[in-house]
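Written out below as structure tokens is the structure these notes cover.
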Amino acid sequence: MAPFQRLLCWGIRLLKWDIAMHATLGAMSTAPRFNVFGRIYSIERTGTRWVAFLHGADGKRSPASFVVPDFIAESELAQYLYDLFHENATPTNGDVRRIG
């Protein structure tokens with residue numbers, strides 16, 4: 001194989017790897033995720049407001065049926081979710097935990 005062909009082959013491999021890495025990193029979210037009494041929610045900051053999503057067992061997410069006020073800091077989200085959903089607590093799922 002000529003040096004040019006080897007270089008072209010390595011360039012194509014590198015390009016495929018780069019595309020795969022960007023697809024993987026783009027799919028990963030940095031939004032905080034919480035286990036809220038057994039249900040998984042993620043809360044994303046979109047501009048100046050929070051947007052909440054419920055994660056299903058199949059891995060898909062759908063818009064949550066509650067609103068997080070804009071003035072809630074990220075460090076206060078777990079307490080806010082606890083206050084909002086405390087009536088859903090059970091003996092086996094009795095807490096709100098940040099999981100991501």
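The values are calculated or read from the model by the stated rules, or taken from the named source; none is laboratory data. What you see is a predicted model; the values in this text were computed from it and never measured. With ideal geometry, Cβ positions are generated from the backbone for all residues, glycine too; neighbour counts draw on all protein chains shown.
Select from region 37-62 the residues that are among the charged types (D, E, K, R) and in a strand (DSSP E or B) and write down the one among them that is nearest to residue 90 (Cα to Cα).
Result: 39.
Taking region 76-91 only, how many residues are assigned to a loop (DSSP other than H, G, I, E, B), touching a residue at least 40 places away in the same chain (Cβ under 8 Å) and out of contact with any Asp or Glu (no Cβ under 9 Å at 6 or more places or on another chain)?
The number of residues fulfilling the criteria is 1.
Restricted to region 63-75, and to residues that are in contact with a Phe, Trp or Tyr (Cβ under 7 Å, 6 or more places away or on another chain) and either in a strand (DSSP E or B) or in contact (Cβ under 8 Å) with a residue 24 or more places away in the chain (or both), which residue is surrounded by the most Cβ atoms within 10 Å (Cβ to Cβ)?
Here the answer is 68.
What's the number of the only condition in (1) loosely packed, with under 10 Cβ neighbours inside 10 Å; (2) at pLDDT 95 or above; (3) among the hydrophobic types (A, V, I, L, M, F, W, C) that residue 96 fails to meet?
Residue 96 satisfies all of (1) loosely packed, with under 10 Cβ neighbours inside 10 Å; (2) at pLDDT 95 or above; (3) among the hydrophobic types (A, V, I, L, M, F, W, C) except (1).
Among the listed residues 52, 89, identify the single one that is surrounded by 11 or more Cβ atoms within 10 Å (Cβ to Cβ) and farther than 12 Å from residue 32 by Cβ.
89
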